[in-house]
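Q: I'd like to ask some things about the structure below.
The values are calculated or read from the model by the stated rules, or taken from the named source; none is laboratory data. Just so it is clear, the model here is predicted, and its values are computed rather than measured. Virtual Cβ from ideal backbone geometry, glycine too; neighbours counted across all protein chains shown.
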């Protein structure tokens, strides 16, 4: 299939029978007939097997968080194994160098989003990396920054409103990026923050209104789409329920 096996060094296999077993399982779950359809949805299928996400989650649940195994899975270069790596890596053990290496290896929106939502947003470095990466030029690194913001809006229950308000100018600045995978993540981040509570909803709607009047086509799309959802009856009703 063309993937490499970097856990082998000097022609001698490391004692990682478990890795071999997992790779064999992934190959048994491969769906080559689905790859063309995945590609139409913008997924990079160059090294993909087509394993379903629920099946990857089942493997991760059985395996548990195992950082060394996660690093070996990532190093295979197999798309599905890399998604699985994000599910089994240990966020408190994950180093900054490892985060940078992995984000630099993102080549598909689904890989970016899965690793951000399963691993990176649980790292103590998540907030800093969200801002840092959102300012980088590489398409999927920048997407990762805004995706992290969206994931933190959902998963970080302890963060106060001030932390999210500080992200809004960053989101506003990123909205002019015309690249589809970036602007969709910018939109996701704005909507995620605006759905957190009433106060943040109001602040996010103000940003969305400003973007709707922008001279940038991309920013107008981000603003219009976010405004539509954040002012919808469904979202407002949910926020009212949360406010009690």
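Q: Hey, does segment 192-199 have a residue that's in a helix (DSSP H, G or I) and farther than 18 Å from residue 134 by Cβ?
A: yes
Q: Being outside any helix (DSSP H, G or I) and without any contact (Cβ under 8 Å) to a residue 40 or more places away in the chain narrows it down to one of 220, 183, 136, so name that one.
A: 136
Residue by residue, here is whether (1) outside the structural domain of residue 19 (by TED's automatic domain parsing); (2) in contact with a helix residue (DSSP H, G or I) (Cβ under 7 Å, 6 or more places away or on another chain); (3) outside any helix (DSSP H, G or I); (4) farther than 18 Å from residue 121 by Cα holds:
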site: 50; (1), (2), (3), (4): no, yes, yes, yes
site: 56; (1), (2), (3), (4): no, yes, no, yes
site: 60; (1), (2), (3), (4): no, yes, no, no
site: 69; (1), (2), (3), (4): no, yes, no, yes
site: 72; (1), (2), (3), (4): no, yes, no, yes
site: 85; (1), (2), (3), (4): no, yes, no, no
site: 97; (1), (2), (3), (4): yes, no, no, no
site: 100; (1), (2), (3), (4): yes, no, no, no
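Q: Of the numbered conditions (1) within 23 Å of residue 105 (Cα to Cα); (2) assigned to a helix (DSSP H, G or I), residue 177 satisfies every one except a single condition; which is it?
A: Of everything listed in (1) within 23 Å of residue 105 (Cα to Cα); (2) assigned to a helix (DSSP H, G or I), residue 177 misses just condition (2).
Q: Only one residue in 69, 94 is crowded, with 17+ Cβ neighbours inside 10 Å and within 17 Å of residue 106 (Cα to Cα). Which one?
A: Just a single option satisfies the conditions, and that option is 94.
Q: Against the condition surrounded by fewer than 21 Cβ atoms within 10 Å (Cβ to Cβ) and under 16 Å from the mean Cα position of the chain (by Cα), how does residue 104 come out, does it pass?
A: yes
Q: Can you tell me which residue among 211, 152, 168 is out of contact with any strand residue (DSSP E or B) (no Cβ under 8 Å at 6 or more places or on another chain), more than 24 Å from residue 114 (Cβ to Cβ), surrounded by 22 or more Cβ atoms within 10 Å (Cβ to Cβ) and at pLDDT 95 or above?
A: Sole residue among the options that is out of contact with any strand residue (DSSP E or B) (no Cβ under 8 Å at 6 or more places or on another chain), more than 24 Å from residue 114 (Cβ to Cβ), surrounded by 22 or more Cβ atoms within 10 Å (Cβ to Cβ) and at pLDDT 95 or above: 211.
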